[in-house]
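What follows is a short report on a single structure.
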Amino acid sequence: MADILGVVFRRFASGSVTSDLPFPSSVEGNTLVIGDANISRSVLFLAAVTAATDLGLKVLFFTQTPFQSLPVSLRASVPGLKLESLKNVKFVYVKTLKELVEDVASLHELASEAASPPSLIIVDGLEQYLHGPQGGLLQDDLGPVAHVAALLHDTAAFLTQIQQNRADGQGLCRVMVSFQSECEGSRDSESPDLLLSVLDRYLQVRCTLEKMAGQNEWQVYLSGTCPSLGHQGQQWHMVLQTGGAVEFRPVIIGEQQILNQQDKSRQENERREDGK
């Protein structure tokens, strides 16, 4: 949900930020967050908290791991925040892909009866639900990932229609999914992960988190995946402070061009090393 991520980046920015990334109205805000599982989870939590507390939205958060307490990054970033204050966030713990599919599918029936259906559906660590018998991701069988991605997309569209019917055309439901790719989700990879190519059909905005060498800092690249957007995107620095707090710093145009060139040079060097 690119609009919510924009709010997150601005809220936790080191200074005032007025610019945002405009996506065409034809692009849906369903978002795929790619990168290290722990860092991606921090971004998902910040998005859930921002949506629930700042925007007053109902959030449904699917995850495999029960949370005994709030993540350190969230507690440090939002001092005084307590679990009970997240009344608009519902955590759903599902262990298997079958359970995840069943719970998402049930939203079609439950939402018709609910007074206020969720406006943001978050799935933490989709790759955990897509492992085969040998432990690796199901690269040879893309059916399961296509099925769950299409279901999430259709469910969000269905809930959007319900909200708009109830609120005179207002209200949206979007999906945000984190995924740790085996090829680390590099946005410039010449051999893209097959699973990512399937996910991109249904999640048209990608948020890529790339660790910066030797620093407790990540490059955050927000872009569209549909061809009409080309390579349009926006770049931020995500910094994990000593106390655990997360801070976002926008990358200015000149700096972004330098970083892109550094990325390209690094990838060319890696390809040369692999070819030796």
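The values are calculated or read from the model by the stated rules, or taken from the named source; none is laboratory data. In this text the structure is predicted, and so the values were computed from the model without any measurement. We place every Cβ from the backbone using ideal geometry, glycine too, and count neighbours over all the protein chains shown. When the accessible area is computed, the model is the full protein with side chains, heavy atoms only, and any ligands, DNA or RNA have been set aside. Shrake-Rupley method; radii C 1.70, N 1.55, O 1.52, S 1.80 Å.
Run through region 49-81 and list the chymotrypsin sites (Phe, Trp or Tyr not before Pro) located in a DSSP loop whose Cβ has at most 16 other Cβ atoms within 10 Å.
Counting only loop positions with at most 16 other Cβ atoms within 10 Å, the chymotrypsin sites (Phe, Trp or Tyr not before Pro) in region 49-81 are PHE67.
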- Task: Keeping all protein chains in position, work out how much accessible area GLU210 exposes to a 1.4 Å probe, and write it in Å² to the nearest 10.
- Result: 30 Å²
- Under a 1.4 angstrom probe, counting protein chains only, how are TYR202, TYR221 ranked by accessible area, largest first? TYR202, TYR221
- Note on the structure: Listed by chain and number, the residues whose amide H is under 5 Å from that of ILE122, excluding neighbours fewer than 5 places away on the same chain and using placed H, are LEU60, PHE61, PHE62, MET176
- Inter-probe distance in nm under a simple model that places probes 7 Å from Cα toward Cβ, at HIS147 and GLN64: 1.8 nm
- Query: Residue by residue, what Karplus-based ³J(HN,Hα) values in Hz, rounded to whole numbers, does region 60-73 have, using 6.51, -1.76 and 1.60 with θ = phi - 60° and x for Gly and Pro?
  - Reply: 10, 10, 8, 7, 7, 10, x, 9, 7, 8, 6, x, 4, 4
- Task: Multiply the residue separation of TYR93 and ALA213 by 0.36 nm, subtract the distance between their alpha-carbon atoms, and state the gained length in nm to one decimal.
- Result: 39.8 nm
